[in-house]
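Engineer: There's a structure below that I have some questions on.
Please treat every number below as a calculation from the coordinates, not as lab data. The structure displayed is predicted, hence computed values, not measured ones. All Cβ positions, even for glycine, are placed from backbone atoms using ideal geometry, and neighbour counts span all protein chains on display.
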Amino acid sequence: MMEFSDLYKNEDFDSWSREIAQKTPSKREFDQILSRSPRDMGLDDLSVLLSPAADMYLEDMAYRSRELTRQRFGRTVQLYAPLYLSNHCRSTCTYCGFSVGNQIHRLTLTSDQALQEAELVYEQGIRHILLLTGEDYKKTPISYLQEIVKKLSQNFRSINIEVYPLGMEDYIQLRREGLNGIAVYQETYNPKRYQQVHLGGVKKQIFYRLNCPDRAGKAKIRQIAIGALLGLADPPTEVLFTAFHARYLIQNYWQSEISISLPRLRPAEGYKQPPMISDRDYARFFFALRIFLPEVGLVLSTRESSFLRDHLAQICITQMSAGSKTEPGGYSGEESGQQFEIIDTRTVSEIAEALRQIDLDPVMVDGNPDTLSTPIESSLETSKSP
Ligand code: SF4
């Protein structure tokens, strides 16, 4: 059966970078693209929207992007919180604070500690939680993830994971325990750059990672988030490949909702000077994605400023993290190494209020409230039983 790598191998990253850089659309050509149905758009149209030349039409892009977002998502912005379970990692990624060679305080939460952290998240009103680990298949094995997903599923409306890539059978097992979604970012779609920044560990296996969303799709995981870490290679080309990947997933796995995140590189332990990507360029990338793929969720994390987050939420963002800690035990005040520095340090209630002030509807609890009736303390008690 086909996997995304079969299509990916036919596209050349550097050729697309040159193509995007050379675009010089007239206003008439640009308007024709904006008026086209997203279904009729090809990668060539997207390359125009992503090109530096599109900057002069940024207002038009923002207008169209907001229109499509309102049609599909209304005014809702879902808030979720990350919960770091572990910062142990056996992979070497040159840009990440958890990279195996970094001298940071390593910690893997016990399942009791994880539930206590989750309780602190729950108390802030959050019911959508993202569990994260590094890539250490032994310290945080699948059985560990299953146990935590199962316990948290009693209280949280959705539980997603951003851990190491897994096999289809593992995803099926986790779905049965209550897993709602996965996030697996390719980091860079430039194959040469991928090898330069991923020096060791399972992460080095580019195609195993690239086809991970396929395995999740085959396992009928409800939400699949993909993305690129902007700053590792040519940013507009990364966004083009991410959109190409997302469209493939939409066409092949109808049971799954697809979302995209575009984290910009941030300083981390051992990585102090990420390349600069302007807010204006960054906004254009999101607008282009919304115009090309009106149905995808667009995610923005606390890596970005409150100013930018609030502005983009009015145009195209549909999911935001809130009140985030990026180290294991961070909500309880445990000392351990964080993955990256966050910028938007507002509390969950401050973020929710800021969104209401701009006439958006922050969603922390949705779906059937009956499914949330079990107090989280019961899970804690359950976990403490012999
Ligand atoms: S990016 Fe992921 S795999 Fe790489 S060092 Fe960080 S946690 Fe480990």
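Engineer: For region 1-151, compute the orientation-averaged projected area of the C-alpha convex hull (one quarter of its surface), in nm². Write out the running numbers ahead of the final one.
Structural biologist: Details: hull surface 57.1 nm².
The orientation-averaged projected area of the Cα hull of region 1-151 comes to 14.3 nm².
Engineer: Within 10 Å of each residue's Cβ, count the other Cβ atoms and sort 256, 111 from fewest upward.
Structural biologist: Values: 256 21, 111 17.
Going from least to most buried by this count: 111, 256.
Engineer: A follow-up question, please. What share of all Cα pairs of region 1-77, in percent, falls into each consecutive 10 Å distance bin?
Structural biologist: 16, 39, 30, 15, 0
Engineer: Any idea what % of Cα-Cα pairs in region 267-349 are farther than 21 Å?
Structural biologist: On the way: 1335 of 3403 pairs.
Taking all Cα-Cα pairs of region 267-349, the fraction more than 21 Å apart is 39 percent.
Engineer: On to the next question. Cα convex hull of region 79-119: mean projected area in nm², to one decimal? Before the final figure, lay out each step's value.
Structural biologist: Working: hull surface 15.4 nm².
It is 3.8 nm².
Engineer: Just checking the chain: which Cys have no other cysteine's beta-carbon under 4.7 Å?
Structural biologist: Cys with no partner Cβ under 4.7 Å: 89, 212, 316.
Engineer: Among 25, 73, 8, whose Cα projects farthest towards the positive end of the dipole of region 1-76, with charges put on the beta-carbon of Lys, Arg (+1) and Asp, Glu (-1)?
Structural biologist: Of the candidates, 73 comes out farthest on the positive side.
Engineer: Continuing with this model, one more query. What Rg and what Dmax come out for region 174-309 when only alpha-carbon atoms are used, in angstroms?
Structural biologist: Spelled out, the Cα radius of gyration and Dmax of region 174-309 are 15.1, 42 Å.
Engineer: Which of 283, 305, 91 sits farthest toward the positive end of the charge dipole of the chain, with +1 on the Cβ of Lys and Arg and -1 on the Cβ of Asp and Glu?
Structural biologist: 91
Engineer: What shape does region 37-123 have by the C-alpha gyration tensor, where a ≥ b ≥ c are the square roots of the eigenvalues, rounded means a/c under 1.5, and otherwise prolate means a/b greater than b/c and oblate the rest? Provide the component values of the computation, followed by the final result.
Structural biologist: Values: a/c = 3.67, a/b = 1.79, b/c = 2.04.
The shape class here is oblate.
Engineer: Got a sec? How would 119, 169 order by Cβ neighbour count within 10 Å, fewest to most? Could you put the intermediate results ahead of the total?
Structural biologist: Working: 119 18, 169 12.
Fewest-to-most ranking of 119, 169: 169, 119.
Engineer: Then there's this: Quick one: net charge of residue 230's neighbours, Cβ under 13 Å, K/R +1, D/E -1? Don't skip to the end; give the middle numbers.
Structural biologist: Numbers: positive: 193, 264, 266, 284, 303; negative: 187, 234, 238, 279, 281, 304.
With Lys, Arg at +1 and Asp, Glu at -1, the neighbours total -1.
Engineer: I want the local charge near residue 304. Using Cβ-Cβ distances under 9 Å, sum +1 for each Lys or Arg and -1 for each Asp or Glu among the other residues. Provide the component values of the computation, followed by the final result.
Structural biologist: Values: positive: 264, 303, 309; negative: 279, 344.
Result for the neighbourhood of residue 304: +1.
Engineer: Quick check: convex hull over the Cα atoms of the chain, volume per residue in Å³, rounded to an integer?
Structural biologist: Working: hull volume 50.3 nm³, N = 386.
Taking the convex hull of the Cα positions in the chain, it is 130 Å³ per residue.
Engineer: In deg cm²/dmol and to the nearest 500, what is the mean residue ellipticity at 222 nm of the chain if only DSSP H runs of at least 4 residues count, each as -39500 (n - 2.57), divided by the residue total? Kindly include the intermediate steps, with their values, before the conclusion.
Structural biologist: Numbers: 16 runs with 160 residues, N = 386.
One gets -12000 deg cm²/dmol as the mean residue ellipticity at 222 nm.
Engineer: What does the charge add up to near residue 169, with Lys and Arg as +1, Asp and Glu as -1, over the other residues with Cβ less than 12 Å from its Cβ?
Structural biologist: On the way: positive: 175, 176, 215, 218; negative: 170.
Residues close to residue 169 contribute a combined charge of +3.
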